[in-house]
1. Taking the criterion of being acidic (Asp, Glu), at negative phi and touching a Leu at 6+ places or on another chain (Cβ under 9 Å), would at least one residue in the range 61-68 satisfy it?
2. Only residues that are of a type outside the set (A, V, I, L, M, F, W, C), surrounded by 16 or more Cβ atoms within 10 Å (Cβ to Cβ) and either within 29 Å of the chain's Cα centre (by Cα) or on the phi > 0 side of the Ramachandran plot (or both): list them for the range 550-582, please.
3. When only residues in the range 96-118 that are over 13 Å from the mean Cα position of the chain (by Cα) and among the small types (Gly, Ala, Ser) count, which is nearest to residue 330 (Cα to Cα)?
4. Looking only at the range 39-91, which residues are outside any helix (DSSP H, G or I) and not aliphatic (A, V, I, L, M)?
5. Regarding residue 542, is this residue surrounded by fewer than 18 Cβ atoms within 10 Å (Cβ to Cβ), farther than 17 Å from residue 319 by Cβ and at pLDDT 95 or above?
6. Pull out all pairs, ordered by first then second residue, where Cβ-Cβ is under 7 Å, the residues are six or more apart or on different chains, the first lies in the range 360-381 and is free of Cβ contacts under 8 Å to residues at least 60 places away in the same chain, and the second is of a type in the set (A, V, I, L, M).
7. Please count how many residues of the range 233-246 are assigned to a helix (DSSP H, G or I) and either modelled with pLDDT under 95 or in contact with an Asp or Glu (Cβ under 8 Å, 6 or more places away or on another chain) (or both).
Amino acid sequence: MTTISKSIQGGEFLIRETDAQNVFIPEQFTEEQKMMAQACQDFIDSEITPNIEEIDSMKNPDLVPSIFKKAGELGLLGVAVPEEYGGLGMSFNTSMLIADIIGAAGSFSTTYGAHTGIGTLPILYYGTEEQKQKYLPKLATGEWAACYCLTEPDAGSDANSGKTKATLSPDGKHYLINGQKMWISNAGFADLFIVFAKIEDDKNLTAFIVEKTFGGITMNEEERKMGIKGSSTRQVFFNDCPVPLENMLSERQNGFKIAVNILNIGRVKLGAGVLGGVRTVTSHAIKYSSERKQFGVSINSFGAVKRMLAEMAIRSYVSESLCYRAGQDIEDRMNALAAEGMSDADAKLKALEQFAIEAAIAKVHGSEVLDFVVDQGVQVYGGMGYSAEAPMERAYRDARIARIYEGTNEINRMLMVGMLLKRAMKGEINLFEPAMAVANELTAVPSFETVDTSELFAAEKDVLKKLKKVFLMVGGKAAMALQDRIEDEQEVMMNLADVMIEIYAAESAILRTEKLVSIKGEEACKHQIAMSQVYLFEAVDKINAAAKEAIASFTKGDEQKVMLMGLKRYTKMDLINTKELRRQIADYMIDQGKYPF
């Protein structure tokens with residue numbers, strides 16, 4: 001088994017090379033995992049797709065709860081719950097796969113994610129043995145539905161500023177909870193609420209497991225939303241809601257830590273949770289472009305349409321690559337920590353905490369790819385894309401929430417850079433030494449060594465190595481120049497995040513394709529090679545633009561000139577014929593009639 005000292009740690013992709021054979025790729029899923037994914041797809045085909053209009057209308061309040069219970073009967077709600085608590089006890093990356101497939105279920109994907117993630121996992125990871133025995137079997141089988149009550153009218157991203165209070169009852173047997181929560185998914189039919197409140201004048205939140213039958217819970221009507229209309233979203237009011245002392249979750253004032261760690265899981269799962277949607281929308285666009293005729297030919301014979309289809313596929317492929325790479329790294333770390341004697345729950349939490357940077361990247365990249373894909377899907381459909389009679393209108397509306405929940409993308413961008421810098425300051429990741437080496441390299445005589453490009457992706461890996469130097473150059477100088485003020489320079493933080501995201505995304509695609517070639521051969525993977533090359537080519541320009549903006553904001557004079565020269569040196573990439581590569585990708589998909597990767 002890989003030891004902790006040798007295995008890659010969160011954020012280390014910026015300073016370490018990764019062997020393609022050490023990454024997990026979706027093509028490696030076992031037959032058992034594929035069967036589970038197919039069962040999930042069959043469930044969507046039989047329960048969701050035929051009822052999609054009725055689900056979104058919410059005219060039948062019993063429909064979604066009944067579909068939810070069927071998902072429980074199939075085991076889909078208990079994928080990540082251990083067998084001793086009524087679940088299937090499957091691996092972390094398997095739960096990522098199911099989140100991926102269920103992503104094509106529209107509003108129901110939110111219902112599913114809120115229950116299996118933020119509704120169930122706090123008890124699994126932080127509950128006492130008695131709490132697990134009492135609640136997890138009900139949640140794993142769908143007998144009970146769960147929701148998560150954190151957000152308040154004045155406490156969104158700043159969750160710890162919540163005003164909901166918990167006070168000890170006069171008889172000392174209960175906490176009485178009073179307060180208001182909003183944007184609570186599944187609230188309309190939930191049996192169990194994970195509620196965050198402050199006890200007396202505590203600085204930090206405490207978490208509680210609240211059963212609906214405890215009383216003192218009222219709700220507003222269902223929120224009228226732009227998208228995910230078929231998911232229940234309500235404001236919840238607690239009015240002297242009595243919660244037994246034994247229903248405190250974890251320790252007093254540990255609620256904020258629970259919220260942060262559970263959101264790490266939610267972020268990486270959201271990255272996977274958009275994938276089913278992007279593949280479905282891309283397949284719809286391919287099919288429609290074949291059927292739609294203009295000027296006597298199918299519109300997919302036009303270069304402009306081929307470009308759109310290819311870009312949809314490229315970004316989908318890349319997001320898949322980085323999500324499952326991150327998912328397996330998290331799982332490997334869970335296993336390694338458990339092997340060293342850490343409890344199962346603690347190992348999972350520690351692994352997720354260590355890969356919080358990659359989780360944030362997965363969330364941001366995935367949600368933005370989803371937005372791009374649905375936008376291009378509407379465009380391919382043209383006027384029909386704007387019609388509620390076609391599938392794109394709903395997909396377009398449903399997608400928009402993904403950039404907001406589990407922390408807005410802006411918050412996630414700042415979190416990933418802030419976490420990296422804090423770890424570097426603590427000595428947990430050796431970031432400053434490589435950054436100093438790059439700074440010294442800027443004033444040294446440039447090396448004119450040529451790269452042997454006889455091996456597949458040798459040139460691309462050399463480009464990636466230099467792109468990592470861009471981050472070290474700009475990030476290192478920003479940390480020195482801005483010091484404690486860096487977190488207040490949010491624009492710079494977001495510039496650095498964009499560099500990080502594109503490096504991780506481009507590298508993940510290249511590693512996935514390299515490993516796939518080792519299994520199937522180069523000819524069988526020519527389209528995946530093309531997708532990886534086009535994405536990297538585009539990433540170089542994005543990185544250049546983000547880094548240049550950051551450099552301009554905190555440097556001047558000769559220092560700025562030296563950094564700009566370094567940026568030019570590190571963002572060099574030979575021209576490739578992206579038009580031809582995109583056409584090859586599009587033609588293959590058109591021939592297959594769907595997203596085929």
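The values are calculated or read from the model by the stated rules, or taken from the named source; none is laboratory data. Predicted model, so just to flag it, every value in this text is computed and none were measured. In this analysis, Cβ positions are derived from the backbone assuming ideal geometry, glycine residues included, and neighbour counts consider all displayed protein chains.
1. Within the range 61-68, the first condition is being acidic (Asp, Glu), and the residues that meet it are 62.
With the extra rule that they be at negative phi, the set shrinks to 62.
Checking the rest, the ones that are also touching a Leu at 6+ places or on another chain (Cβ under 9 Å) come to none.
No; the residues of the range 61-68 include none that is acidic (Asp, Glu), at negative phi and touching a Leu at 6+ places or on another chain (Cβ under 9 Å).
2. Passing the criteria: 570, 571, 578, 582.
3. If we filter the range 96-118 for residues that are over 13 Å from the mean Cα position of the chain (by Cα), which is where we start, we get 98, 101-102, 104-112, 114-116, 118.
Now narrow it down to the ones that are among the small types (Gly, Ala, Ser): 104-107, 109, 114.
Working: 104: 24, 105: 26, 106: 27, 107: 28, 109: 23, 114: 21 Å.
Among those residues, the one meeting the criterion is 114.
4. If we filter the range 39-91 for residues that are outside any helix (DSSP H, G or I), which is where we start, we get 58-62, 74-75, 79-82, 86-91.
Matches in the range 39-91: 59, 60, 61, 62, 75, 82, 86, 87, 89, 91.
5. Details: surrounded by fewer than 18 Cβ atoms within 10 Å (Cβ to Cβ): yes; farther than 17 Å from residue 319 by Cβ: no; at pLDDT 95 or above: yes.
Spelling it out, it is not the case that residue 542 is surrounded by fewer than 18 Cβ atoms within 10 Å (Cβ to Cβ), farther than 17 Å from residue 319 by Cβ and at pLDDT 95 or above.
6. Close Cβ pairs satisfying both conditions: 371/399; 378/392.
7. At the first step, the residues of the range 233-246 found to be assigned to a helix (DSSP H, G or I) are 245-246.
So of that shortlist, the ones also either modelled with pLDDT under 95 or in contact with an Asp or Glu (Cβ under 8 Å, 6 or more places away or on another chain) (or both) come out as 246.
The total comes to 1.
Each row is one residue, and each column tells you yes or no for (1) surrounded by 23 or more Cβ atoms within 10 Å (Cβ to Cβ); (2) touching a Lys or Arg at 6+ places or on another chain (Cβ under 8 Å); (3) free of Cβ contacts under 8 Å to residues at least 40 places away in the same chain.
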position	(1), (2), (3)
113	yes, yes, no
118	yes, no, no
123	yes, yes, no
126	yes, no, no
130	no, no, no
135	no, no, no
145	yes, no, no
